[in-house]
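These notes are about the structure you will find just below.
Since every read-out is calculated from the coordinates, none of them should be taken as a lab result. Given the structure is predicted, the values throughout are model-derived calculations rather than measurements. Cβ atoms come from the backbone with ideal geometry, glycine included; neighbour counts cover every protein chain shown.
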Amino acid sequence: MKSSVIIFPGSNCDRDVAVALEKMQFKNQMVWHKETSLPKSDLIVIPGGFSYGDYLRSGAIAGKSLIIDEVIKAANSGCLILGICNGFQILTETGLLKGTLLRNKNLKFINKDVNIKVINNKTKFSSKYKLNQVLKINIAHNEGNYFTNNNHLEELKKENLIAFKYCDEDGEINEQSNPNGAKENIAGIFNSKKNILGMMPHPERMIDRSISNTDGINLFSSLLS
Amino acid sequence: MKLISEKPYRLNSKKNKLKFSVTVTLKKDVLDPQGKVVQNTVTNLGIKNLKSIRQGKFFEIEIDENDELQANKKIEEICKKLLVNLIIEDYKINKL
């Protein structure tokens, strides 16, 4: 399976994602944002970081870069797209995913391992997880407070487009387990065709027991199967 | 003796240059935590009768255009395409 990781000035999780993908036997290529064509890919990853120093709004400038037109074309033809953290913010800025990510409710940058619950495991991104499985995944962001209008929120629920929700260790979804104020504890969403996933937590950081845990591995192995 | 008479540059010195301001603020029903913190601090300073403070962004844009209507259209386009996230933000354009 072929993957491409897009790099913007200020991306800083591009290498981590590449390591995770290669560990899972993806044939990966790195793509600079000024490129105007993409190598043939089954999966495109938009990594985390601070593209363009978060100028204007997180992801706003990257969302208008040259390579993004190609990403949008690929997405519309069914290619799998994964946006992690800043990548999720960029995907919302391009319009590929609806809603937006506001400043964390407590105005602080949050870097910690949090629990998230698998809400939909019938997708190409999540089939190796069990439904309602609780994962411990790292988050590191300043703007992770997912916001969308009520109509879209209803659509997300009705069409089962919520991928993950923040929860406590027992899988309880409540205000205390919501780190950033995201609507309904949403940590990740799919587009309506379910070929695009945007998520704030970093699965690529959870692939090695010696530095963290392995809760992120199944996301990548789901993509392989 | 030469007096310094050169001005670095003057805004609107060219005839066909129009200047606009764009103010971008969060929509009324979107939580503005930064504005809230500023508001609380102002209250702590002892300033009374404060109703609310919302924080936003301000842009000054110069445009090479004679026709104000055309220029306004371009500013609208810039706002919608980049400056404003219409899901959460409102904007106001003013001619300067």
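Report the FRET efficiency, 1/(1 + (r/R0)^6), for B:L82 and A:E169, where r is their Cβ-Cβ distance and R0 is 30 Å, rounded to 0.05.
According to the calculation, E is roughly 0.10.
Among the DSSP beta bridges whose two residues both lie in the protein assembly as shown, what percent are antiparallel, rounded to the nearest 5?
If I count the DSSP bridges inside the protein assembly as shown, around 70 percent turn out antiparallel.
What is the magnitude of the charge dipole of the protein assembly as shown about its Cα centre, with +1 placed on the Cβ of each Lys and Arg, -1 on the Cβ of each Asp and Glu, and no other charges, expressed in debye to the nearest 20?
600
Take the alpha carbon gyration tensor of the stretch A:67-225, find the square roots of its eigenvalues, order them as a ≥ b ≥ c, and report rounded if a/c is under 1.5; if not, report prolate when a/b exceeds b/c, else oblate.
Rounded shape, in that the Cα axes give a/c under 1.5.
Can you give me the Kirkwood hydrodynamic radius for the stretch A:1-144, using every pair of distinct Cα atoms, in Å to one decimal?
Computed over Cα pairs of the stretch A:1-144, the Kirkwood hydrodynamic radius comes out at 15.8 Å.
Determine the shielding of peptide A:54-63 by partner chains: average, over its residues, the number of Cβ atoms on other chains within 10 angstrom of each Cβ.
On the way: counts 0, 0, 7, 8, 0, 1, 4, 1, 0, 1.
Counting other chains' Cβ atoms within 10 Å and averaging over A:54-63 gives 2.
Could you tell me which of rounded, prolate or oblate describes the stretch A:20-78, using a ≥ b ≥ c as the square roots of the eigenvalues of the alpha-carbon gyration tensor, with rounded for a/c under 1.5 and, failing that, prolate when a/b is larger than b/c and oblate otherwise?
Numbers: a/c = 2.19, a/b = 1.40, b/c = 1.57.
Judged from the Cα gyration tensor, the stretch A:20-78 comes out oblate (a/c at least 1.5, b/c at or above a/b).
Starting from the coordinates of the alpha-carbon atoms of the protein assembly as shown, obtain the Kirkwood hydrodynamic radius over all distinct pairs and give the value in Å to one decimal.
Numbers: mean 1/r = 0.0467 Å⁻¹.
By the Kirkwood definition, the hydrodynamic radius is 21.4 Å.
Estimate the FRET efficiency between B:K73 and A:R209 by the formula 1/(1 + (r/R0)^6), using the beta-carbon distance for r and 45 Å for R0, to the nearest 0.05. Could the numbers behind the result be given before it?
Values: r = 58 Å, r/R0 = 1.29.
Computed FRET efficiency for B:K73 and A:R209: 0.20.
Please list, in order along the stretch A:88-103, the HN-Hα scalar couplings obtained from phi with the Karplus expression 6.51 cos²θ - 1.76 cosθ + 1.60 (θ = phi - 60°), rounded to whole Hz, x for Gly and Pro.
After applying 6.51 cos²θ - 1.76 cosθ + 1.60, I find 5, 4, 5, 4, 5, 5, 7, x, 5, 10, 8, x, 7, 10, 8, 4 Hz.
At a Förster radius of 22 Å, what calculated FRET efficiency corresponds to the Cβ-Cβ distance of B:K92 and B:V30, to the nearest 0.05?
Calculated value: 0.85.
Taking only C-alpha pairs under 8 Å that are 6+ residues apart, what is the relative contact order of the stretch A:2-224 in percent?
Reported as a whole number, the value is 19 percent.
With a cut-off of at most 16 other beta carbons within 10 Å, and DSSP calling the residue loop, which chymotrypsin sites (Phe, Trp or Tyr not before Pro) in the stretch B:10-96 qualify? Please list them.
Those that pass, being in a loop and sparsely packed, number zero.
Among the listed pairs A:K98/B:K73; A:K40/A:K183; A:K27/A:K130; A:K124/B:K28; A:K108/B:K74, which have their C-alpha atoms separated by more than 31 angstrom in this model?
From the list (A:K98/B:K73; A:K40/A:K183; A:K27/A:K130; A:K124/B:K28; A:K108/B:K74), the Cα-Cα distance tops 31 Å for A:K40/A:K183; A:K124/B:K28; A:K108/B:K74.
Exposure proxy check: A:K27, A:K193, B:K51 ranked by fewest other beta carbons within 10 Å?
Values: A:K27 13, A:K193 10, B:K51 5.
Result, fewest neighbours first: B:K51, A:K193, A:K27.
Taking 22 Å as the cut-off for C-alpha to C-alpha distance, list the pairs among A:K112/A:K165; A:K34/A:K64; A:K2/B:K81 that go past it. Spell out each step's value before the answer.
Details: A:K112/A:K165 16 Å; A:K34/A:K64 11 Å; A:K2/B:K81 32 Å.
Too far apart for the 22 Å limit: A:K2/B:K81.
So what's the back-of-envelope 222 nm ellipticity for the protein assembly as shown, counting only DSSP H runs of four-plus at -39500 (n - 2.57) apiece and dividing by all residues, rounded to 500?
Details: 7 runs with 70 residues, N = 321.
Only helices count here, giving -6500 deg cm²/dmol.
Length gain on complete extension for the stretch B:K51 to B:V38, per 0.36 nm per residue less the alpha carbon to alpha carbon distance?
Result for the pair: 3.5 nm of gain on full extension.
Please give the peptides A:45-54, A:215-224 ranked by average Cβ packing (other Cβ atoms within 10 Å per residue), highest first, as a rough proxy for protection.
Going by the mean number of other Cβ atoms within 10 Å, highest first, we get A:45-54, A:215-224.
Could you line up A:F8, A:F26 from fewest to most neighbouring Cβ atoms inside 10 Å?
Sorted ascending by nearby Cβ count, the order is A:F26, A:F8.
Using a 10 Å cut-off on Cβ to Cβ distances, tally the other chain neighbours for every residue of B:62-70 and report the average as a whole number.
0
To make sure I understand, if each residue's beta carbon is the centre and we count other beta carbons within 10 Å, what order do A:M24, A:M206, A:M200 fall in, fewest to most?
A:M24, A:M206, A:M200
How charged is the neighbourhood of A:A20? Take every other residue with its Cβ under 13 Å from the Cβ of A:A20, and add Lys/Arg as +1 and Asp/Glu as -1.
-3
Which listed residue (B:S21, B:I53, B:V84) has the Cα farthest towards the positive end of the charge dipole for the stretch B:17-95, taking +1 on Lys and Arg C-beta and -1 on Asp and Glu C-beta about the Cα centre?
The Cα lying farthest towards the positive end belongs to B:I53.
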